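The values are calculated or read from the model by the stated rules, or taken from the named source; none is laboratory data. Being a predicted model, the structure only gives us computed values, none of them experimental. Note that each Cβ is placed from the backbone with ideal geometry, even for glycine, and that neighbours are counted across all protein chains shown. Keep in mind that these areas ignore ligands, DNA and RNA; they rest on the heavy atoms of the full protein, side chains included. Shrake-Rupley method; radii C 1.70, N 1.55, O 1.52, S 1.80 Å.
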Amino acid sequence: MARAKIALIGAGQIGGTLALLAGLKELGDVVLFDVAEGIPQGKGLDIAEASPVLGFDAKLVGTNGYEAIEGADVVIVTAGVPRKPGMSRSDLLDINLKVMGQVGAGIKQYAPNAFVICITNPLDAMVWALQKACGLPVEKVVGMAGVLDSARFRYFLADEFNVSVEDVTAFVLGGHGDDMVPLVRYSGVAGIPLPDLVKMGWTTQEKVDSIVERTRKGGGEIVNLLKTGSAFYAPAASAIEMATSYLRDKKRLLPCAAFLTGQYGIDGLYLGVPVIIGAKGVERIVEIELDSSEQAMLDKSIASVQELVAECKKIVPSL
Ligand code: TXD
């Protein structure tokens, strides 16, 4: 069977890491696209030159033209600008909405059958705008945030319990912001829920609360350390997990920003919820039961995403 084709729109920090991981996992051939000349070409060639040493077969090409993404099976979008000092949130929205417009048009023309994963921030609004711009079915356009937020939660828990990260499951719902909803009841070690682990004396409620807080602020913690730029290894790994589930029809249950049509009482908005990703894209949206405090946290998160989308509609009324 021919190799899958993976198009990476944006060849910055995350884009470059995505290309390396896609190669290492032999997911398929990779096209790196960026408006910056030389960067996608340089990164593509550099990673291709690593392939004999690392032992993978994949073609990696860099480009500044959308035609090179023709027929892509998966498109992962990181294109955009980060918020710089002095830039307001709506300045950032304005620029990145324009970027989503361009990227969406490119996908519509050259990769209308792709599974599209958006990573660009502010995530919940950008994936919404990207879906509108490319016009692909909503089950083929998702946002990456929950896998990353859950991975952070899992790592902190594994560290606290001194157990393998592989045995820690964790769930984070809602928008990709400080009011995301880490679900303590649905997280635990090898099937033992966190509240039971507290009862068993493995940890304390205070420690769990502080891990929840650290998870919520996980993105900011890395930004503060790096000073320039934001996290890129874990975000890239998370998007690759989603792409793999699609390409290999694994039907993983992963928290992703998916378009809701009534689930969780929401219609017409992208929000981080558990979904099953298989060969058809988002094959199922899983509605889990929430208690009143979890629902209240989710409602707060929903309100933030709604506010963000309303701001986007103000900037681009045609959306
Ligand atoms: O969980 C999540 N969703 C996130 C999101 C976690 C971490 C970072 N997240 C966001 O991903 C971050 O706030 C950014 O919006 C994106 C990409 O992060 P990255 O660290 O890769 O940013 P870079 O290094 O600035 O790369 C962006 C690239 C850069 O090379 C630009 O030249 C390019 O985007 N760019 C474009 N490419 C194509 N088309 C257009 N119009 C364009 N404009 C800029």
Practice problem: Please identify the pairs in which a residue from the stretch 143-169 that is without any contact (Cβ under 8 Å) to a residue 40 or more places away in the chain has its Cβ atom under 6 Å from the Cβ atom of a residue that is assigned to a loop (DSSP other than H, G, I, E, B) and away from the ligand (no atom under 13 Å from the Cβ), counting only partners at least 6 apart or on another chain. | Solution: Arg154/Ala170; Asp167/Ala190
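Can you name every residue in the stretch 105-156 that is in a loop (DSSP other than H, G, I, E, B), among the β-branched types (Val, Ile, Thr) and in contact with a Pro (Cβ under 8 Å, 6 or more places away or on another chain)?
Ile119
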Quiz item: Among the residues of the stretch 111-118, is any near the ligand (Cβ under 10 Å from one of its atoms), of a type in the set (A, V, I, L, M, F, W, C) and closer than 22 Å to Leu18 by Cβ?
Solution: yes
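Conditions (1) surrounded by fewer than 23 Cβ atoms within 10 Å (Cβ to Cβ); (2) under 22 Å from Thr244 (Cα atoms); (3) more than 15 Å from the ligand (Cβ to nearest atom), marked per residue:
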| position | (1), (2), (3) |
| --- | --- |
| Leu60 | no, yes, yes |
| Asn64 | yes, no, no |
| Ile76 | no, yes, no |
| Met87 | yes, no, no |
| Ser90 | yes, no, yes |
| Val99 | yes, no, no |
| Gly135 | yes, no, yes |
Quiz item: Within the stretch 193-209, which residues are of a type outside the set (D, E, K, R), open to solvent by 60 Å² or more (accessible area, probe 1.4 Å) and under 17 Å from Arg154 (Cβ atoms)?
Solution: Trp202
Quiz item: Quick one: what pairs do we get from the stretch 295-313, first residue in contact (Cβ under 8 Å) with a residue 24 or more places away in the chain, second surrounded by fewer than 16 Cβ atoms within 10 Å (Cβ to Cβ) and assigned to a helix (DSSP H, G or I), C-beta under 8 Å, 6+ apart or different chains?
Solution: Glu311/Arg89; Glu311/Ser90
Quiz prompt | Unmet criterion (only one of (1) open to solvent by 40 Å² or more (accessible area, probe 1.4 Å); (2) among the hydrophobic types (A, V, I, L, M, F, W, C); (3) in a loop (DSSP other than H, G, I, E, B)) for Leu290 | solution = (1)
Quiz item: Does any residue in the stretch 24-50 that is more than 19 Å from Thr244 (Cβ to Cβ) come within less than 9 Å, Cβ to Cβ, of a residue that is within 13 Å of the ligand (Cβ to nearest atom) and among the basic types (Lys, Arg) six or more places away or on a different chain, and which pairs are these?
Solution: Asp34/Lys43
Exercise. Take the stretch 137-156 and flag every residue that is within 15 Å of the chain's Cα centre (by Cα), open to solvent by 20 Å² or more (accessible area, probe 1.4 Å) and within 16 Å of the ligand (Cβ to nearest atom).
Key: Ala151, Arg152
Self-check item: Whichever residue in the stretch 1-12 is crowded, with 19+ Cβ neighbours inside 10 Å and outside any strand (DSSP E or B) and, among such residues, is nearest to the ligand (Cβ to nearest atom)
Solution: Gly12
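Quick test for you: out of Ala231, Ala239, Ala257, pick the one residue that is within 14 Å of the ligand (Cβ to nearest atom), of a type outside the set (Ser, Thr, Tyr) and open to solvent by 10 Å² or more (accessible area, probe 1.4 Å).
Ala231
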Practice problem: Select from the stretch 260-278 the residues that are under 18 Å from the mean Cα position of the chain (by Cα) and of a type in the set (Gly, Ala, Ser) and write down the one among them that is surrounded by the fewest Cβ atoms within 10 Å (Cβ to Cβ). | Solution: Gly278
Practice problem: Just give me the residues in the stretch 46-58 being among the hydrophobic types (A, V, I, L, M, F, W, C) and either over 18 Å from Gln13 (Cβ atoms) or surrounded by 20 or more Cβ atoms within 10 Å (Cβ to Cβ) (or both), in sequence order. | Solution: Ile47, Ala48, Val53, Leu54, Phe56, Ala58
